[in-house]
Amino acid sequence: MISVQNLTKTFGDRVAVNNVSFDVQKGEILGFLGPNGAGKTTTMRMLTGFIPPTEGCVTIDNLDIFEHPFEVKKKIGYLPEQPPLYFDMTVRECLGFVAEIHGMRGGMIDSSMDHVAELCGISHMLNRLTGNLSKGYRQRVGLAQALIHDPAILILDEPTAGLDPRQIIDIRNLIKDLGRERTVILSSHILPEVTNTCERIAVINNGNLMAVDTIELLSDKLGSEKTIVLNVKRPEHLDTVRLSSVSGVDDIKKHNDNEFVLTVSGGDDVLEKISASVVESGAGLTGIRVKRMTLEDIFLKIITGEKVQ
Amino acid sequence: MRHLIPFIKKELRAYFYSPIAYIVAGVFLGLIGYFFYSSVQGFSMQAIQLAGSGQETSGFNPTNIIMKGLFRSMGTVFILLTPLITMRLIAEEKRSRTMELLMTSPLSITTIIAGKYIAAVIIYVIIILSTLYIPVVVEYYSSVSWPHVFAAYFGLILTGMAMISIGVFCSSVTDKQVIASVLTIGILVLFWFVGGVIGGYTEHMSNIMKDLSLFSHFENLYSGLFDTRDAIYLISFTTVALFLSHRSLESGRWK
């Protein structure tokens, strides 16, 4: 549905997005994850045709966004980071205007407006000026604007930024609902947000795409390594050379007097061999525990430089 | 075209929601009303002095003495009011990030510029045509030369369209309304006085500058002299300014 090839954007000497390629299938929710200033917004702006890429191209349903801007823009609903609202208009006028510039007329606008207002929970706010709404409601109106022409693709830039926890949950659920029939791309620098709503994630850092995969596959690829913490009573008896020869043990580090940290790969049998080896050496095993990588660890590992193939 | 009308409607709504349209119209009509009052007084003083003095009175009629001066004042006052109408147009969309909404909708940059320009011109034409009560009043008490009045209004509208196109351009180069308005006044004052107060070193140079001046073309029209060259100049001026606004918005996306 959406295909991004070798997308590059430079601002002067600064490379904001560097050679990014990925595909999004119909009906998929893709999360764009990266720290602040990673190039998420720039990528999204190129996806929506707001700014042209320096190199590369974006095609949506096999149409290039810069060769067929009108056809493509009709299919996209875009919510920028700051909801684009006219503060001197009411919610109803804002939604009506957006519907009209998308070529909708008359009764179509009314029924569509009722539907999206209901969906975004702003039915009771239609006659308020957008300038007087709270941040959370402005965000919802922005989302309603993006949805009013019933686009097949939704692009949401940090949709929950600045909302309170209650509103975050509401918006997340709404996005999940929307994602049943639509293709959604959303960006965030908050990990749980992406893991809660998205099927696939794309991790971007310093303009480079570090990984695109489902969350399960990413944690399998990066999380196969485990860390084992060993506590022993008599560390002088522990034969580290013998221990490191146990297959599956990659590294041993002495943490403090009685504690060793082992990096291992493989299943539970490695654990069994390690404990057997420690017991044989007579070091007096007092504790052994396994630390798995959390999603935060994976995320940090990716953005600190490990490119996932 | 399909998208243009809702866009113009939205722009017009913004003029009337923020009180800009009312303030510009009020200030303009107030000033012109006062000028009208004082020129009628001047006219009657002169009439009394001329009566029985035996001087030549062929050029002495209300159209020449009252209306001509008023038309010139309308043009000059509008230099200061144009930025109030235009400064918001594009600068405000940029500042409030709604430009992102417009540019990601199926609207072309041409539609955006045209919609904003047409809305501003509509406001301007409404204000200018509200002064039509002046020739009607003069006609009631005396008589006016209607062809002269129509030529002058035609000139006012064309000149105003040129001024507004400069305002649109200045609004497209910045996201700050104050900068847009100062730029607009600067450019308009330059084009108003060039060839007149601002002269060249040689006569040839002065003539060229006069040809470039908005005022000298407006002068012919408000004096009741309809010349297609003036109309063509003013229309070309507008086209160039609007084309530059289009380029400025387009190039903004590449930076």
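Of all lysines in the structure, those lying under 19 Å Cα to Cα from residue A:301, and not within fewer than 8 positions of it along the same chain, are A:40, A:221, A:226, A:291. Kirkwood analysis of the stretch B:100-224, using all unique Cα-Cα pairs, places the hydrodynamic radius at 16.9 Å.
Along the stretch A:246-260 the Karplus relation, 6.51 cos²θ - 1.76 cosθ + 1.60 evaluated at θ = phi - 60°, assigns HN-Hα couplings of 5, 5, x, 8, 9, 7, 10, 10, 7, 8, 8, 3, 10, 10, 10 Hz to successive residues, with x for each Gly and Pro. Summarising the label geometry, the points placed 7 Å from Cα in the beta-carbon direction at residue B:65 and residue A:161 lie 6.8 nm from one another. A simple spin-label model places pseudo-atoms 7 Å from Cα toward Cβ; at residue B:236 and residue B:2 they are separated by 3.7 nm.
Per residue of chain B, the DSSP helices (runs of n ≥ 4 H) give a summed -39500 (n - 2.57) that works out to -25500 deg cm²/dmol at 222 nm. Where the alpha-carbon atoms of the stretch A:125-228 are placed on the principal axes, they occupy 59, 30, 26 Å, in descending order.
The residues neighbouring residue A:28, those whose beta-carbon lies less than 9 Å from its own, together hold a net charge of +1 under the Lys/Arg +1, Asp/Glu -1 convention. Check cross-link reach from residue A:176 to the lysines: straight Cα distance under 18 Å, and skip same-chain residues fewer than eight apart. Partners within reach: A:26.
Mean projected area of the convex hull spanned by the Cα atoms of the stretch A:2-220, taken over all viewing directions: 12.0 nm². Of the trypsin sites (Lys or Arg not before Pro) found in the stretch A:8-73, the ones in coil according to DSSP and having at most 15 other Cβ atoms within 10 Å of their Cβ are A:26.
Phi angles of the stretch A:143-148 translate, via the Karplus equation with coefficients 6.51, -1.76, 1.60 and θ = phi - 60°, into HN-Hα couplings of 5, 5, 4, 5, 9, 4 Hz per residue; Gly and Pro are given as x. Using the beta-carbon distance between residue A:66 and residue B:250 and R0 = 22 Å, what value does 1/(1 + (r/R0)^6) give for FRET efficiency, to the nearest 0.05? FRET efficiency, residue A:66 to residue B:250: 0.95. In terms of its C-alpha gyration tensor, the stretch A:72-183 has an oblate overall shape, because the principal axis ratio a/c (a ≥ b ≥ c, square roots of the eigenvalues) is not below 1.5 and a/b does not outweigh b/c.
I need the shape label for the stretch A:224-303. Rule: rounded when a/c is under 1.5, else prolate if a/b > b/c, else oblate, with a, b, c from the alpha carbon gyration tensor. Prolate shape, in that a/c is at least 1.5 and a/b is the bigger ratio. Report the paramagnetic label zone for residue A:176: residues of the stretch A:1-36 whose backbone N is under 19 Å from a point 7 Å from Cα along the Cα-to-Cβ axis. Output list for this probe position: A:27-32. The 3J(HN,Hα) values that the Karplus relation (6.51, -1.76, 1.60; θ = phi - 60°) gives for the stretch A:29-36 are, in residue order, 10, 9, x, 9, 10, x, x, 4 Hz. Gly and Pro appear as x.
Round to the nearest 0.05 the FRET efficiency obtained for residue A:21 and residue B:207 when R0 = 45 Å and r is the Cβ-Cβ distance.
0.15
Remark: the protein assembly as shown projects, on average over all directions, an area of 37.4 nm² (convex hull of Cα atoms).
Place the peptides A:134-143, B:166-175 in order of packing, highest mean first, counting for every residue the other Cβ atoms within 10 Å and averaging per peptide.
B:166-175, A:134-143
What number comes out for the charge environment of residue A:97, summing +1 per Lys or Arg and -1 per Asp or Glu over other residues with Cβ under 10 Å away?
Result for the local shell: +2.
Between residue B:16 and residue A:3, the simple label model (points 7 Å from Cα in the Cβ direction) yields a spacing of 5.0 nm.
Entry for the stretch B:25-110 at q = 0.14, 0.15 Å⁻¹: log10 I(q)/I(0) = -0.67, -0.72, Debye formula applied to identical alpha-carbon scatterers, no solvent contribution. Evaluated over chain B, the count of Lys pairs having alpha-carbon atoms less than 22 Å apart is 11 (only pairs 8 or more residues apart or interchain). As an equivalent ellipsoid, the stretch B:4-252 spans semi-axes of 37, 21, 15 angstrom, where each value is the square root of five times an eigenvalue of the C-alpha gyration tensor, largest first. Each residue in A:22, B:150, B:71 was given a count of other beta-carbon atoms within 10 angstrom of its own, and listing them fewest first yields B:150, A:22, B:71.
Shielding of peptide A:79-89 by partners, expressed as the average count of other chain Cβ atoms within 10 Å per residue Cβ, is 5.
Comparing mean-square fluctuations of A:255, A:115, A:102 from a GNM of chain A with C-alpha springs under 10 Å, the top value falls on A:255. Between the beta carbons of residue B:31 and residue B:142, assuming R0 = 30 Å, the FRET efficiency works out to 0.85 to the nearest 0.05.
Any read-out appearing in this document is the output of simple, stated calculations on the displayed coordinates, not a laboratory observation. Keep in mind it's a predicted model, so treat the numbers as computed, not measured. Please note: Cβ atoms are built from the backbone with ideal geometry, for glycine as well, and neighbour counts cover all protein chains shown.
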